[in-house]
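**Q** What follows is a structure written as C-alpha cells; I'll ask about it next.
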Amino acid sequence: MATRDIRGIQGWCDPKFENVRDAFVQNFERGLEPGGAAVAVTLGGHPVVDLHGGFVDRGHTQRWQKDTLINLASTTKGILAICVLRLVDQGALELDAPVARYWPAFGCLGKEGITVRDVLSYRAGLPALRTRLSPEALYDWTAMTEALVAEEPWWPPGTQHGYHAMTIGWLAGELVRRVSGRTVGRYLREQLALPFDLDLHIGLGPREEARTADVRATRPEPGQPSFVETVMTDPDSMSGRAFLNPVLCLTPQVLNSHAWRATELPFANAHGTASALAHLYGALAHTGGRVLSASLVDVARTEHAFGYDPVLREITRYGVGFMLPHEGFACSPNPRAFGNPGAGGYLAFADPEASLGFAYVTSKMSLSTLLDPRAAALSEATYACL
C-alpha cells in the first residue's frame, strides 16, 4: 500500500509491514531525521518495504525522491566484498591463496603469507599506514597501493583482527583490479549493477552526482560517546591513523565534494539507494547462485573473527567480508545474518534463514555506535512483522 504523506514520506509498504512504516515515520516525527532517509526490505526476493522521505539539501527545498542517491559509507565494504567473492566464484581468486600471488610486490615486509581470506576477515594486520600521507593521496590509487606495499603489519597476520576502515578499499580493490582487469567501480557496474538492475555506483558520473543528496553532520548529545572525537585526540595511535591518514573522511566537506563522489574509493564511497542495497542483500538471502553461490554465501557468514577490536576499541565479529551480529551490533536476532553498518547510521544485511534483505540510509551522520538507534528501530520493526 502507498504510505500517507507524513513529513514528505513517500513510497510503498506491504500492509503486513506497517510496523516498519510506523517506525520510519516516528524517526522523522521525533526529530531524528532532520534531512532525508530511506528504508527498504525484501522478503523471498520480493520488495515489501520501499519508503523514502525528507529533503536532499540543507535548505529543505528539494524532496528526497525514489532515485535519490546517497553516500553509503562503510556499507560500501559489503559491496566490495561481494565483488571479490564473485571473483572467487568465477575461479579468478582463491580465498586461501596469498595476496602476493596476484599482487607480487605486496609480498614483502612480513606480508608474504597474508591471504585473500585474511584481508576479507580483517585479519591482515594492515588497518592503518604509519607513514603520514598528504590529503591528496586519498584520491591517488597508485600512491595508496604503493604505501600498503611499503607497510609492515601491525600484528602477525591471521593472529587477530581489527577494522581496516580505509585500507580494505585498496587491499581488496587492488585484487579486483589485478585479476579482472577492471576497477571496482567498473566491475560493480558490469557484473552486478547492470545485470541485476541495481542503482549502485562506486565513482559517480555527472548524471548520478546531480541526483545525490548532501550528507550533514551532527554532534553527539552531551555525554554520548563519539568514537571519531576520541581518536582525534590520539592521532598517532593505530586507531587514529586508521581513520585520519591520509585524511579524516567523515566530514560533510569531504563526503559532499566532487572529488570524493567522482573517485573510486571502495572502502566508503559507494552511492546508491536503500532499494538497491536491499535487493542486493535479498538476492544473497534468497537466490544464492545468482549473485554468489550458496556455498560461498555460507562461507561469508561463518564466523572468522570475534573479540576485542583494537581499531574500533570494542568487540566485533566478522565473517568473510561482512560483520556478523553480536551484542554491540544486534542488527538481527539471527547470529548468522551478515552485512555492514556505516558511519552515519547506515545499515544493510541479509538473513538467509528469514529470506530477508534489509537496507536503511540517511543523510544525517551519527558517529556514536555501530548500530544507530534509527536503524535498530527499523530492523526490530521488520522482524516483528515476520
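**Q** I'd like to verify a number: residues in the stretch 287-326 that are assigned to a loop (DSSP other than H, G, I, E, B) and either under 15 Å from CYS83 (Cα atoms) or not small (Gly, Ala, Ser) (or both), how many?
**A** 20
**Q** Right, here's the next one. Spot the failing condition for ARG189; the list is (1) charged (D, E, K, R); (2) assigned to a loop (DSSP other than H, G, I, E, B); (3) within 23 Å of VAL320 (Cα to Cα), and only one is missed.
**A** Result: ARG189 passes all but (2).
**Q** Now, a different point. Can you confirm whether ARG261 is free of Cβ contacts under 8 Å to residues at least 24 places away in the same chain and either farther than 24 Å from LEU95 by Cβ or not in a loop (DSSP other than H, G, I, E, B) (or both)?
**A** So ARG261 fails the test.
**Q** Next question, about the same structure. Taking ASP22 as the residue in question, decide whether it is more than 21 Å from the chain's Cα centre (by Cα), over 15 Å from THR362 (Cβ atoms) and acidic (Asp, Glu).
**A** In short, yes.
**Q** I've got another one for you. Let me confirm something: among PHE349, PHE322, which residue is closer than 17 Å to ALA278 by Cβ, in contact with a Cys (Cβ under 9 Å, 6 or more places away or on another chain) and in contact (Cβ under 8 Å) with a residue 40 or more places away in the chain?
**A** PHE349
**Q** Counting only residues that are surrounded by fewer than 24 Cβ atoms within 10 Å (Cβ to Cβ) and touching a residue at least 24 places away in the same chain (Cβ under 8 Å), give me the helices (runs of 4 or more DSSP H) lying completely in the stretch 59-174 with at least 3 of them.
**A** 76-89, 141-149
**Q** Looking at GLY272, GLY339, GLY321, GLY344, which one is at pLDDT below 95 and either of a type outside the set (A, V, I, L, M) or surrounded by fewer than 24 Cβ atoms within 10 Å (Cβ to Cβ) (or both)?
**A** The match here is GLY344.
**Q** Can you tell me which residue is nearest to GLY45 (Cα to Cα) among those in the stretch 177-196 that are free of Cβ contacts under 8 Å to residues at least 60 places away in the same chain, surrounded by fewer than 19 Cβ atoms within 10 Å (Cβ to Cβ) and not aliphatic (A, V, I, L, M)?
**A** PRO195
**Q** Determine which member of the set PRO206, PRO235 is more than 21 Å from ASN71 (Cα to Cα) and either among the charged types (D, E, K, R) or surrounded by fewer than 20 Cβ atoms within 10 Å (Cβ to Cβ) (or both).
**A** Of the residues listed, the single one that is more than 21 Å from ASN71 (Cα to Cα) and either among the charged types (D, E, K, R) or surrounded by fewer than 20 Cβ atoms within 10 Å (Cβ to Cβ) (or both) is PRO235.
**Q** Within the stretch 1-15, restricting attention to residues that are within 13 Å of PHE28 (Cα to Cα) and of a type in the set (Val, Ile, Thr), which residue is modelled with the lowest pLDDT?
**A** ILE6
**Q** Do you know which residues across the stretch 347-363 are over 14 Å from the mean Cα position of the chain (by Cα) and either surrounded by 24 or more Cβ atoms within 10 Å (Cβ to Cβ) or closer than 17 Å to ILE79 by Cβ (or both)?
**A** ASP351, LEU356, GLY357, SER363
**Q** If I ask for residues that are in a helix (DSSP H, G or I) and at pLDDT below 95, which ones from the stretch 195-237 would you list?
**A** Once the filter is applied, which keeps residues that are in a helix (DSSP H, G or I) and at pLDDT below 95, the stretch 195-237 yields PHE227, VAL228, GLU229, THR230, VAL231, MET232.
**Q** Return the residue satisfying two criteria in turn: it lies in the stretch 327-342 and is not in a loop (DSSP other than H, G, I, E, B) and not small (Gly, Ala, Ser), and of such residues it is farthest from the chain's Cα centre (by Cα).
**A** Only one residue fits best here, namely PHE329.
Listed here are the residues, each with its yes/no results for (1) of a type in the set (Asp, Glu); (2) farther than 24 Å from LEU69 by Cβ; (3) under 17 Å from the mean Cα position of the chain (by Cα).
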site: LEU284; (1), (2), (3): no, no, yes
site: ALA294; (1), (2), (3): no, yes, no
site: ALA300; (1), (2), (3): no, yes, yes
site: GLU303; (1), (2), (3): yes, yes, no
site: ASP309; (1), (2), (3): yes, yes, no
site: LEU312; (1), (2), (3): no, yes, yes
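**Q** Answer with yes or no whether ASP140 is of a type outside the set (S, T, N, Q) and at positive phi.
**A** In short, no.
The values are calculated or read from the model by the stated rules, or taken from the named source; none is laboratory data. Please read these numbers as outputs of a predicted model, since none were measured by experiment. Cβ atoms come from the backbone with ideal geometry, glycine included; neighbour counts cover every protein chain shown.
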